[in-house]
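The values are calculated or read from the model by the stated rules, or taken from the named source; none is laboratory data. If you're wondering where the values come from, they're calculated on a predicted model, not measured in any experiment. Every residue, glycine among them, receives a Cβ derived from its backbone with ideal geometry; neighbour counts consider all protein chains shown. All accessible areas refer to the heavy atoms of the entire protein, side chains included, with ligands and DNA or RNA removed. Shrake-Rupley method; radii C 1.70, N 1.55, O 1.52, S 1.80 Å.
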Amino acid sequence: MSLQFIFGNSGSGKSSYLYRNILKEAAEHPEKNYLVLVPEQFTMQTQRELVRLEKSHAIMNVDVLSFARLAYRVFDELGKQNLRVLEETGKNLVLRKLAGEQKKNLSVLGGNLNRMGYISEVKSLISELTQYNVSPEKLDTFLETEDVGETLRLKMQDISVMYHSFSEYLQGQYITSEEVLSLLCDVAEDSNIIKDSVIVFDEFTGFTPIQNQLLRKLLVLSERIIVSVTMDAGEDFYHCRGEQELFSMSKKTVSVLMKMAEELHVTVEEPVVLSDGKNHRYKNAPSLYFMEQNLFRPYYHKWRQKEDELRIVSLNFVAREITKFVREKQYCYKDIAVVTGDVSLYDNYVDEIFAAYDIPYFLDQTSTILFHPFIEFIRAVLEVVELDFSYESVFRFLRCGLTDITEQQIDLLENSIKAKGIRGRKKWEKQWTFVFDDTEKENLTEMNEVREKIYGFFAPLSEAFAQGKTVRDGTTALYELIEKLEIEQKLKQKELEFERQGNQVKAKEYAQIYKIVMDLFDKVVDFLGDEVLPVKEYADILDA
């Protein structure tokens, strides 16, 4: 049992040092397990790097894992195959259901839980409490003993009500992704994968309390734990003067692990200190090396080299440079990437600026689907049922453009309905016989055909959402309408159309949307299938 730190500046070669040493050790001890843990987004990149560094380009006893992947690897080893993990959409649906049940007990939040996005914020807060090992009971104790102000206390008491209900609902049925590590802590001692292994932690800026709880277990069970920590080589690694220090987070991580090692009587090996970033990451970028050495430091040097090596530029400049590379240097657009630390700061400008230079692009970020035509179609369908064929809801549905009714027919229908004041299901289910002049006589047959078609869409849905019917009945009827109108094929056609136009963003959006909605329907039926809900509440749940 031992703990070792690898300290070094950003770009000093900590990962390279670790990977080369681990591969060398793994080749010398093929009977031993070597686990390299990195954040989830780095797993594939790290695997590729290790395979590249290995002479035979194969890694046999070295596993690259995230915390979650380590948990599932151990569960597979121990035969724990029956875990039902509640993911983010499932949490939203369960919390929305519980909010309805607990509405009378929610003094502050009760009136807001139907607002779009509110449930998601409650979910995020509960997830964070779980991550930081704050149970509902701990939250109650905190509210009883601490002076937090009356407004905050009332809000947090409502969160506590939701948290208790959520925990009770999950009991014996599901676990959340945040609780996976707690379960791993309980079974880690039985795992041969972990026992006497060498475990490396790389690319982490710090660890949450639940991760620290697992690390406490791993320190005892493993042969050795190695942790890379980004910190200036000239710093005092073991003492922190306060949060104002540049590397305070790194020092806090070191302090927590050192305290753990002391309590568990784990040997702390001599650390490895690396500082030669000049000959590693910044070998061909001396200006960036200068920035790494001097940025935010209390003692710094002035840049005395050519000024144009470091430049602050605008997005317009970037667009001009891309155009120059393509026109003058024979680059393809697909060869060029624009990398930024915060995509959301630029997403409002990219469309306008890149369009001005005719630059095709793909913006790599999650976008809301709430106002997509398919989503608008579903919301309009439910509104027609809820509002009993109101004029606004019917034409909201028709204007989505996902039916076979033409624009000309919709316009004709709209003019006649406005003129005759047609409202309500009873007016739609009967044959229209009204006429004012000879022109309307010619259109009446066509309008009745359209009326019959529209009524045929909604009659089964109205029945499925009638009093006493379950969520499963309503969702099934909604799915059958989507099938009847061949929405999947229409979305595919739109996707191909956008691809031909070179609009990759819209093409990808249309390619993904149908599966997203079908997955949501599956989850709604799984979690709420036997519930009896009015169509308004059902629509609110889908919106949430």
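For the reader, a short list of remarks on this structure follows.
- C-alpha center-to-center spacing [segment 135-193, segment 347-382] in angstrom: 37
- When the pairs Lys103/Lys138; Lys55/Lys278; Lys24/Lys55 are compared against a 18 Å limit on Cα-Cα distance, Lys103/Lys138; Lys55/Lys278 fall above it.
- One equal scatterer on each Cα of segment 14-75, no solvent, Debye formula: the resulting log10 I(q)/I(0) at q = 0.18, 0.19, 0.23, 0.26 Å⁻¹ is -0.61, -0.68, -0.97, -1.18.
- Applying both filters, DSSP loop and at most 16 other Cβ atoms within 10 Å, to the trypsin sites (Lys or Arg not before Pro) of segment 178-241 gives Lys195, Arg241.
- Correct choice for semi-axes √(5λ) of the Cα gyration tensor in Å that was computed from the model, options (i) 35, 29, 25; (ii) 54, 33, 23; (iii) 43, 30, 21: (ii)
- Cα-projected label distance for Ala356 with Arg472, points at 7 Å along beta-carbon direction, nm: 5.8
- Rounded percent of accessible protein surface that carbon and sulfur make up, the chain, 1.4 Å probe: 49
- Calculated log₁₀ intensity ratio I(q)/I(0) where the Debye formula runs over C-alpha points of segment 295-431, q = 0.10, 0.11, 0.13 Å⁻¹: -0.64, -0.70, -0.79
- Surface calculation, 1.4 Å probe, protein heavy atoms: Asp473 sits at approximately 60 Å² accessible.
- Residue among Leu37, Ser250, Cys400 farthest towards the positive dipole end of the chain, charges placed on Cβ: Ser250
- Pairwise centroid distance, computed over Cα atoms, of segment 46-68 with segment 202-228, Å: 20
- Over all directions, the projected convex hull of the C-alpha atoms in segment 84-205 averages 10.2 nm² in area.
- In loop segments of segment 1-46 as defined by DSSP, the GluC sites (Glu not before Pro) with at most 16 further C-beta atoms inside 10 Å of their C-beta are Glu31.
- The Cβ shell under 12 Å around Tyr331 holds other residues with a net charge of +1, Lys and Arg each +1, Asp and Glu each -1.
- For segment 437-539, the C-alpha radius of gyration divided by 2.2 N^0.38 Å, with N the number of residues, is 1.43.
- Quarter the surface of the alpha carbon convex hull of segment 89-153 and you get the mean projected area, 4.9 square nanometres.
- Pairs from the table (Lys155/Lys251; Lys14/Lys306; Lys123/Lys506; Lys217/Lys259) lying more than 25 angstrom apart at Cα are Lys155/Lys251; Lys14/Lys306; Lys123/Lys506.
- Relative pair counts by distance (%), Cα atoms of segment 249-358, 10 Å bins: 10, 23, 26, 22, 12, 7, 1
- For Lys469, the lysines whose Cα falls under 17 Å of its own Cα, not counting residues fewer than eight places away in the same chain, are Lys97, Lys536.
- A 1.4 Å probe over all protein chains sorts Lys251, Lys418 by accessible area into Lys418, Lys251, starting with the largest.
- 0 to 90° range, to nearest 10: angle between helix 118-131 axis and the chain longest Cα axis: 20
- The long axis of helix 347-356 is offset from the longest Cα principal axis of the chain by roughly 80 degrees.
- Rounded to the nearest 10 degrees, the inclination of helix 504-528 to the longest alpha-carbon principal axis of the chain is 80 degrees.
- Student exercise, the chain dipole from Lys, Arg, Asp, Glu Cβ charges, in Debye to nearest 20: 920
- Sorting the segments 485-497, 62-74 by their mean number of nearby beta carbons within 10 angstrom, highest to lowest, gives 62-74, 485-497.
- Counting only lysines at least 8 places from Lys420 when in the same chain, those with an alpha carbon closer than 19 Å to its own are Lys430, Lys441.
- Put Ser124, Ser165 in order of accessible area, highest first, and with a 1.4 Å probe you get Ser124, Ser165.
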